1. Restricting to the range 108-122, what's the tally of residues that are of a type outside the set (G, A, S), open to solvent by less than 60 Å² (accessible area, probe 1.4 Å) and in a helix (DSSP H, G or I)?
2. E76 - would you say it is farther than 30 Å from R49 by Cβ, acidic (D, E) and open to solvent by 70 Å² or more (accessible area, probe 1.4 Å)?
3. Under 7 Å between Cβ atoms, at least 6 apart or on separate chains: pull out the pairs that start in the range 74-93 with a residue that is assigned to a loop (DSSP other than H, G, I, E, B) and end on any residue that is charged (D, E, K, R).
4. Within the range 56-73, how many residues are within 25 Å of the chain's Cα centre (by Cα) and surrounded by 10 or more Cβ atoms within 10 Å (Cβ to Cβ)?
5. Go through (1) over 30 Å from A126 (Cβ atoms); (2) under 32 Å from the mean Cα position of the chain (by Cα); (3) exposed (fewer than 11 other Cβ atoms within 10 Å of the Cβ) for A46 and report which single condition fails.
6. Only one of (1) among the aliphatic types (A, V, I, L, M); (2) more than 25 Å from R75 (Cβ to Cβ); (3) open to solvent by 50 Å² or more (accessible area, probe 1.4 Å) fails for A105. Which number is that?
Amino acid sequence: MKADAPTPAKKVRGKPFAKGNPGRQPGSRNTATKAAEALLEGEAEALTRKAIDQAKAGDMTALKLCLDRLVPVRRERTISFDMPKVAGAADHPGALLAVLEAVAAGDLTPGEAQALAGILKEHRAAIETTELASRLDALEEKVVSK
């Protein structure tokens with residue numbers, strides 16, 4: 001083999017790209033979006049007035065557009081549910097049973113019950129953390145006092 005002959009390129013294995021996301025920057029917009037915004041700039045009031053006038057004239061699409069802006073679609077509904085008082089970890093099984101019974105009766109959807117169960121789980125974790133911290137403090141005081 002000649003001394004001045006080029007060596008073959010080493011095959012890159014694994015992840016050849018740098019860490020991080022080299023893609024689009026957060027907050028950046030498409031060129032088409034920028035062009036549409038430039039065209040609409042200064043026309044918002046006139047376009048809104050036109051949509052309102054068409055809605056008043058009976059155009060159902062314009063009416064839906066106006067109402068969707070005035071009263072946006074609610075993502076979640078508020079629920080009325082008699083949750084038993086949950087003062088400690090011992091109260092959690094009763095609270096979860098009440099949630100299960102409400103689902104069975106059709107008063108709560110399974111998704112709402114899951115959300116309530118998640119809240120109860122976080123509450124229980126907070127209680128357990130507080131109890132563990134107080135027990136640890138008591139043990140440390142015993143060790144220090146000896």
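The values are calculated or read from the model by the stated rules, or taken from the named source; none is laboratory data. This structure is a prediction, so every number in the text was calculated from the model and none was measured. Here the Cβ is made from the backbone with ideal geometry for all residues, glycine too, and neighbour counts use every protein chain on show. For accessibility, only protein heavy atoms count, side chains too; no ligands or nucleic acids. Shrake-Rupley method; radii C 1.70, N 1.55, O 1.52, S 1.80 Å.
1. Residues that pass the stated criteria total 3.
2. Yes, satisfied.
3. I79/E112; F81/D107; P84/D91; K85/D91
4. Result for the range 56-73: 2.
5. Result: A46 fails condition (2) only.
6. Failed condition: (2).
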